[in-house]
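Remarks on the structure that follows.
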Amino acid sequence: MALKDKYIPSEAEPRLQQFWLQHRVYEFEPVSNRPVYSIDTPPATVSGRLHLGHTFSYTHPDLIARFWRMRGHNVYYPMGYDDNGLPTERLVEKTTGLTVQQLGRQAFIERCLQLSEQAEAGYQELWMRLGLSIDWRWRYRTIDERSRRISQKLFIDLARRGLAYRQEAPTIWCPECQTAIAQAELNDLARQTRFITLAFRLEDGSPLPIATTRPELLPACVAIFVHPGDQRFTGLVGARARVPLFEKLVPILSDPAVDPAKGSGAVMCCTFGDATDVAWQRAYNLELIQAIDRQGRMTSAAGRFAGLSAPDARREISEALFEQGLALSSETIEQSIRVHERCDTPVEYILAQEWFVRLLDFKDELLAAGERIRWHPEYMHNRYRAWVENLGWDWCISRQRTFGVPIPAWYCRECGETVFAEEDELPVDPLARQPRQACRCGGRNFEPDADVLDTWATSSLSPQIAGQWMEDDEGHIYGRVFPFSLRPQAHEIIRTWAFYTIVRCLYHFDAFPWREVLISGWGIAGEGMGKISKSRGGGPLPPLEMITRYSADALRYWAASTSPGKDSVISEEKIQAGQRWVTKLWNVARFASRFIEHPAAAFPPDAAAITPADRWILARLQSVIRLATANLETYDYAAALKEIEAFFWRDLADNYLEMAKQRLYESRGPAHQAAAFTLRSVLLTLLKLLAPFLPHITEEIYLGLFAAQEGALSLHRSAWPAVQPQWDDPQAERSGERLVTIASLVRRYKSERSLPLGRALDRLQLCLPLAGDAQYLQEAIPDLQSITRAQEIEVCVSEVMPDEALVADGMGVVIHENAGSQGHGGV
């Protein structure tokens, strides 16, 4: 089909997307001899509307999928939705204004399922409109029956092998979300706070100043610690001191973890103020006093302050300390506190019965696993290593929420034994039924586990869920795609999704989940705005509106322009630049179509007809193929795009087309045939190089100009370009740069004199110091006449350049505008 006068993305892109679906262009072939390239795609968390930051990061794996598909690989590229757990619950609460207490458990779960299905339909609409080459047959949800069955089965596997355990222990607790959380779900938040120095009293009545930002924890103070090398406290270790306001005597102990330069050098240990308190309580077998409950309110241990929220208690206890002369001083300081990443609420440390997965016993193995996986960019491995090295807790895997994968366990009320569901019962909801079998003690009275699994406990099994484990008896899918080739993901979840997936695959399968990890940065809304969030909003236009305003390809161009691991400011100007490229590419293709539509343009002409400009552009093209391929093989899609973009604008559009125009407009003959062949070869190869980045416009041009002759149904099922030895000529590439230099000097000359670029010139004199170069330029005179509009070109050899010459690259150019006029000189 011929190309239309104008390319309209809003019409063409949806039509092409339906064409791809109809012709199954992106489908994985379970039974095929081709090498497999499998992608463990990030299942988007269902917590709100997708934003431009998502189109940024989700474009990156699609670039890679398209590249390897054209390299002849059988690409397995599924899509999932992470729609169980706290983020979806919070979305339902925010959207409906109702809580589980108001709706009831089952009705709330139904609302979560309904809302997540609606959100996922919107997600899929965006992914398809963006042109992601997903095989939608392998779509999954982390709350669907198969995901719940896999998650519960492998949780039981951990528990039965002693890799998961349940115990009452200090637990990180979010008072806002009302659930235990894991170390990986903590963020640091800077805030201004009050640093109060309190007057503890030794048993002899002398004061012991101790500074704190959390006076509300005084009821839970169980010890005082000093540094063993701090001379100020020599002789006090082993003594006792009285807690102000609460009058309890506590021991004074020493530990090297104390910072002598902070406050007075003595610190109070409360159960629990932070992770250090937890460590000290365990190490010194200190008393456990819980002053703050699960709702974030003071317990009876706080006496008359019981029932107050922690902030209110902080204020009232501070006032009481000052009123009674027990506070010596106070100052405002900048403090970094630990908050829950989901809601920015400061966390508490409470005693709770939770399920944990062992991590601390396997740090060496987990570090070694990180070394065996290739990270792109490589420095992102440092984040993984630092996380593992600094682990201080086992993974708390139980959550006190409603919508999630239930922990498949009951507890015998007679002997306390844990009873797990049988495999053929999975997935199971222990709150909805009792176990089939009696306890080993004979008891049949059970307490169901009311908790659900951490959402990461299920999404960390994405290789198994996405890879159809347990569903693929013949091994046509899971046996071929696992370990996956690639895990694409954002850098902030290295400590969660990447880390936990490595943990689970090592523990269950003694295997690495993937061979390589591709890390994306964030799409940032602008100066000082930071990362955009689905749940918290922010940012410019929604993605579909941006696509409607410009095109999916323009948005992909912006996304592909930033290297792996780097954040990118969302720039409408960059998206506009992408749209300008789309428009220019269409115009170049339309211009070329009249010359390359003849079947003869597909066949090489007589070698004698090939001009220096033809050899130059074809040689340049081989270099671009080589560089783009190498960059994409190492996941540097931005570097590949930069090479291709420079080739298109500078080499093809600005120079070669102008060098070839005279021959193209000529009637049929060897010179015309050479230019048409070269232009066809370059345009077709360029479309293939651009296909991963701009899949719609390249497909539309391919279907209109090349499909009938090339044979491939779709550009995206055609072969990736390979370097052609007959055109791979570094000397031709270097020599051709001389033609570009001459053209640039002439353009500059015309521009400085406000002359139209198409203005004809009477004569050019090209002055060279070496005779060897003269022969080359003599052969290139037709190319140079076409681009400079010079009626006559004279090549001369002279060691002395004329005074009026424009000089560059060791060569002089003298320009004569009109017949009989003098040459005009330099810049």
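The values are calculated or read from the model by the stated rules, or taken from the named source; none is laboratory data. The structure presented is a predicted model; accordingly, all values stated were derived computationally and were not measured. All Cβ positions, even for glycine, are placed from backbone atoms using ideal geometry, and neighbour counts span all protein chains on display. What goes into the accessible areas is simple: the full protein's heavy atoms, side chains included, and nothing from ligands, DNA or RNA. Shrake-Rupley method; radii C 1.70, N 1.55, O 1.52, S 1.80 Å.
Here is how the numbers come out for the structure above:
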quantity: Highest average packing first - 27-35, 294-302, Cβ atoms within 10 Å; calculated: 294-302, 27-35
quantity: Debye intensity ratio I(q)/I(0), log10, the stretch 571-719, q values 0.11, 0.12, 0.17, 0.20 Å⁻¹ (C-alpha model); calculated: -0.41, -0.49, -0.99, -1.34
quantity: All aspartates and glutamates inside 20 Å of Lys4 as judged from Cα atoms, apart from same-chain residues fewer than 8 positions distant; calculated: Glu13, Asp553, Glu597, Glu699, Glu700
quantity: Accessible area expressed per residue, the chain, with surrounding protein chains retained (probe 1.4 Å, Å²); calculated: 40 Å²
quantity: Gln101-Glu203 FRET efficiency (beta carbon distance; Förster radius 60 Å; 0.05 resolution); calculated: 0.75
quantity: Calculated over the chain: convex hull of Cα atoms, volume per residue (Å³); calculated: 219 Å³
quantity: Gain on full stretching of the segment that runs from Glu11 to Arg594 - 0.36 nm per residue minus C-alpha separation; calculated: 207.5 nm
quantity: Gln231 versus Leu770: modelled label distance in nm, points set 7 Å from Cα along the beta carbon direction; calculated: 7.7 nm
quantity: Residue-span extension gain [Ala368 to Glu168] - 0.36 nm each, minus C-alpha spacing; calculated: 68.9 nm
quantity: The chain - mean residue ellipticity at 222 nm from DSSP helices (-39,500 (n - 2.57) per run, n ≥ 4, rounded to 500); calculated: -12000 deg cm²/dmol
quantity: Point-charge dipole on Cβ atoms (K/R +1, D/E -1) for the stretch 583-733, about Cα centre, debye to 20; calculated: 300 debye
quantity: Point-charge dipole on Cβ atoms (K/R +1, D/E -1) for the chain, about Cα centre, debye to 20; calculated: 920 debye
quantity: Dimensions (Å) - the stretch 696-827, Cα atoms, principal axes, largest first; calculated: 58, 33, 22
quantity: Pair Leu431, Asn818: separation of 7 Å Cα→Cβ label points (nm); calculated: 9.3 nm
quantity: Signed unit charges on C-beta, dipole axis of the chain, positive-most listed residue Leu208, Ala638, Val25; calculated: Val25
quantity: Relative contact order, percent, the stretch 144-272 [alpha-carbon distance under 8 Å, six or more residues apart]; calculated: 22 percent
quantity: Additional length obtainable on full extension of the chain from Arg358 to Gln22, 0.36 nm per residue less Cα span; calculated: 116.2 nm
quantity: Spacing of the two label points (7 Å from each Cα toward its C-beta) at Tyr379 and Glu804, in nm; calculated: 5.5 nm
quantity: Angle in degrees between helix 612-633 and the longest Cα principal axis of the chain, rounded to the nearest 10; calculated: 10 degrees
quantity: Near-label residues of the stretch 667-695 by backbone N, under 18 Å of a point 7 Å along Cα→Cβ of Ala646; calculated: 686, 689-690
quantity: Sites Glu633 and Ala121 - FRET efficiency at Förster radius 41 Å, r taken between beta-carbons, to 0.05; calculated: 0.70
quantity: Rel. contact order, % - alpha carbon contacts under 8 angstrom, at least six apart, the chain; calculated: 15 percent
quantity: Sites Arg626 and Ser336 - FRET efficiency at Förster radius 35 Å, r taken between beta-carbons, to 0.05; calculated: 0.10
quantity: Cys with no candidate disulfide partner in the chain (beta-carbon separation under 4.7 Å rule); calculated: Cys112, Cys221, Cys269, Cys270, Cys343, Cys396, Cys505, Cys767, Cys796
quantity: Ranked packing of 408-417, 37-46, 725-734, most packed first, by mean Cβ within 10 Å; calculated: 37-46, 408-417, 725-734
quantity: Whole-Å distance, taken between Cα centres, linking the stretch 92-108 and the stretch 212-237; calculated: 45 Å
quantity: Exceeding the 18 Å Cα-Cα cut-off - candidates Lys566/Lys642; Lys584/Lys642; Lys6/Lys584; Lys566/Lys688; calculated: Lys566/Lys688
quantity: DSSP bridge orientation in the chain - percent antiparallel, rounded to nearest 5; calculated: 70 percent
quantity: Nearest 10 degrees, 0 to 90: helix 105-130 Cα axis against the chain principal axis; calculated: 20 degrees
quantity: Accessible heavy-atom area order of Asp204, Asp188, highest first, probe of 1.4 Å; calculated: Asp204, Asp188
quantity: Relative contact order (%) - criterion: Cα under 8 Å, at least six apart; region: the stretch 78-196; calculated: 30 percent
quantity: Alpha-carbon Debye profile of the stretch 1-110, log10 I(q)/I(0) at 0.14, 0.15 Å⁻¹; calculated: -0.83, -0.89
quantity: Helix 637-646 vs. the chain, principal-axis angle (Cα, 0 to 90°, nearest 10); calculated: 20 degrees
quantity: Segments 63-75, 654-666 sorted - mean Cβ within 10 Å per residue, highest first; calculated: 63-75, 654-666
quantity: Dipole of the chain, positive direction: furthest Cα of His73, Ile701, Ala722, with charges on the beta-carbon; calculated: Ile701
quantity: Estimated translational D of the stretch 205-294 in µm²/s (Stokes, Kirkwood radius over Cα pairs; 20 °C; 1.002 mPa s); calculated: 162 µm²/s
quantity: Options Ile781, Leu132, Trp616, ranked by Cα towards positive dipole end of the chain, top entry (Cβ charges); calculated: Leu132
quantity: Accessible surface of the stretch 1-155 [probe 1.4 Å, protein heavy atoms]: carbon and sulfur percent; calculated: 51 percent
